[in-house]
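Trainee: Sending over a structure as structure tokens; questions will come in a sec.
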Amino acid sequence: MARIRCDFFSEALDMGTSMTVLLPERASSQIGMAGSPVVGDPPVLYLLHGLTDDDTIWTRRTAIERYVAPLGLAVVMPQAGRSFYRDEEHGNRYWTFLSSELPEICRSLFRISERREDTFVAGLSMGGYGAVKWALRDPGRFAAAASLSGALNVAERREHPTSPVDPAVWHTVFGDREVRGTDDDTIALLERAGDDLPALYVACGTEDFLYEDNTRFVETARRRGLPLTVDFSPGDHDWAYWDAKIQDVLAWLPLRGEPVSGR
């Protein structure tokens, strides 16, 4: 794999920003590292970080580079601050950056597939929320989307008296606007979703403070009869859990048009 830390200018953010990108290589003789022949433009996984992290965190806290090497999968990890992947009320246009500008920049800089069946998104915590929100708002872009310990009920989480998020962050991102029922409410997005959705994967540890948010999301999806792979198992909101579960997500992804397992 080639690992690239890419610094570039974003028109949507009107400033320089960064992303970390993993790209498949044809090399197969590296000792201790599996490889995969690259045929055509590789599929791509957009992998989103959590509230207190940045674009480097997945490569620093997990072995994601080693996990994807035999898959021939490119991984794009953008920087999004504490934005909840939204055009912030009092800040930057991170939703516009993520959903519109970033894919175009990536395709202009790197050789990656543009096909829906080769495009995936996943994330943890705030990034799990961002991944699901992106997939539900732009379902024609993705074949699959996965959330690990996602903040999947932001409308209620924002009002929760024990929320670990600083009230100043909520104010910067959402201002005084109501989240419930909007395009930033993943529960509401599920309620009005059409039939042609990406495959969805939701994992959360049963000891995680976001466990109830995830069960509410799953209950809504099941009531709607939407296809969903669910993994609720022992675990907390930590990197031991996410390092294990991202491997499960990679095994689940329908790479090269393979059928999704475990629905």
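We did not get these values from a lab; they are worked out from the coordinates using the rules stated. Note that the coordinates shown come from a computational prediction; the quantities given were computed from them, not determined experimentally. Cβ placement follows ideal geometry from the backbone for every residue including glycine, while neighbour counts extend to all protein chains displayed.
Trainee: Compute the Rg/Rh shape ratio of the chain: radius of gyration over Kirkwood radius, all on alpha-carbon atoms.
Mentor: Computed over Cα atoms, the ratio is 0.94.
Trainee: Could you state the per residue volume, in Å³, of the convex hull enclosing the Cα atoms of the range 129-263?
Mentor: Value for the range 129-263: 113 Å³ per residue.
Trainee: Give me the net charge for the shell around T52: Cβ to Cβ below 14 angstrom, other residues only, Lys and Arg +1, Asp and Glu -1.
Mentor: That works out to -2.
Trainee: Find out how many positive minus negative residues lie around R107, taking Lys and Arg as positive, Asp and Glu as negative, among other residues whose Cβ is under 15 Å from that of R107.
Mentor: Charge balance in the 15 Å sphere: -1.
Trainee: OK, next. Restricting to DSSP H runs of at least four residues, report the calculated mean residue ellipticity at 222 nm for the chain, -39500 (n - 2.57) per run over all residues, nearest 500 deg cm²/dmol.
Mentor: -8000 deg cm²/dmol
Trainee: Once you charge only the Cβ atoms, +1 for Lys and Arg and -1 for Asp and Glu, what is the size of the charge dipole of the range 2-257 about its Cα centre, to the nearest 20 debye?
Mentor: 700 debye
Trainee: Order of 239-247, 67-75, 190-198 by packing, highest average Cβ count within 10 Å first?
Mentor: With the highest mean Cβ count within 10 Å placed first, the list reads 67-75, 239-247, 190-198.
Trainee: On a 0 to 90 degree scale, rounded to 10, what angle separates helix 211-224 from the longest Cα axis of the chain?
Mentor: 90 degrees
Trainee: For the pair R61 and R26, what calculated FRET efficiency results from E = 1/(1 + (r/R0)^6), where r is the Cβ-Cβ distance and R0 = 45 Å, to the nearest 0.05?
Mentor: That gives a FRET efficiency of 0.95.
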